[in-house]
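What follows draws every value from the coordinates through simple rules; no lab data is involved. Quick caveat: nothing in here was measured; it's all calculated off a predicted structure. Glycine gets a Cβ as well: all are built from the backbone with ideal geometry, and neighbour counts include every protein chain shown.
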Amino acid sequence: MSLWGNKDLVGNAGTITINLSAKTITGTGTTFSTSGFEVSEGDVIVVGAGETYGHAVIASVSSNTAASIATTQYLIPHPTTGLIPAGTTYFITQRPISSLEDVNYQAPYAKSNRTSSVFGVDAVEVGVAATTAYAVGHSGWVGVTTYTDMHGTLRVKHEVLVAGGILTTTDAADDAKYPDS
């Protein structure tokens with residue numbers, strides 16, 4: 001299990017149901033172990049879209065529709081039901097595991113007027129974003145926080161968490177901030 005990889009998006013086919021007490025994931029229409037997708041121990045699963053239900057680290061994969069997670073501490077169940085709804089969207093990435101512990105990037109992403117996330121930004125995306133508010137100095141795993149100041153101006157803060165080559169041949173949903181061309 002590595003501390004991070006270079007794939008912005010390992011995959012996101014289908015939906016999942018998480019049993020928090022058993023730390024298991026059951027997928028519908030998922031392909032966890034299919035060639036070309038191949039989720040691995042140490043990959044990070046981001047549960048939900050937009051304001052997420054949090055993140056977990058994959059502990060093992062037993063089939064295309066079954067996986068287990070190492071811990072539930074970074075998952076935030078629904079406040080009323082105490083569950084993560086069945087049929088939830090997800091995506092799997094190789095972002096740094098250390099970003100899960102950083103309070104700036106923990107779910108839910110939207111906190112008051114701030115939105116934060118970790119993106120895999122490749123060299124092409126760095127070049128395309130260079131003239132935008134989302135310009136970053138280096139490719140790699142980048143933490144980005146945005147907010148609107150008291151004058152109504154968008155402010156963007158970023159930090160390169162891990163510099164390096166990122167593969168975005170299968171790209172996470174970040175093209176609004178880091179377009180591929």
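What per residue convex hull volume, in Å³, do the alpha-carbon atoms of the stretch 79-157 yield?
Working: hull volume 11.3 nm³, N = 79.
Each residue corresponds to 143 Å³ of Cα convex hull volume.
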query = Which FRET efficiency value, to the nearest 0.05, do you get for residue 115 and residue 15 by plugging their Cβ-Cβ distance into 1/(1 + (r/R0)^6) with R0 = 22 Å?
reply = 0.40
query = Which label marks the calculated value of Kirkwood radius over Cα pairs in Å, given the options (i) 18.0; (ii) 28.6; (iii) 16.7?
reply = (iii)
ask   = For the chain, what is the mean residue ellipticity at 222 nm derived from helices alone (per DSSP H run of n ≥ 4: -39500 (n - 2.57); sum divided by total residues; nearest 500 deg cm²/dmol)?
value = -1500 deg cm²/dmol
remark   = Ranked by GNM mean-square fluctuation in the chain (Cα springs under 10 Å), the top entry among 132, 89, 80 is 80
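With charges set only on the Cβ (+1 for Lys and Arg, -1 for Asp and Glu), what does the dipole of the chain come to about its Cα centre, in debye to the nearest 20? It would help to have the intermediate numbers written out before the result.
Values: 8 positive and 15 negative charges, 83 e Å.
Result for the chain is approximately 400 debye, rounded to the nearest 20.
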remark   = Interchain or sequence-distant (5+) residues whose placed amide H lies within less than 5 Å of the amide H of residue 30 are 15
note = Contact order relative to length for the chain, counting C-alpha pairs under 8 Å separated by 6 or more residues, stands in percent at 23
message = In the chain, if the dipole is taken from +1 on Lys/Arg beta carbons and -1 on Asp/Glu beta carbons about the Cα centre, which of 98, 39, 165 is farthest to the positive end?
response = 98
ask   = Which of 128, 57, 39 moves most in a GNM of the chain, Cα contacts under 10 Å?
value = 128
note = The farthest towards the positive end of the charge dipole of the chain, of the residues 126, 113, 88, given +1 on Cβ of Lys and Arg and -1 on Cβ of Asp and Glu, is 113
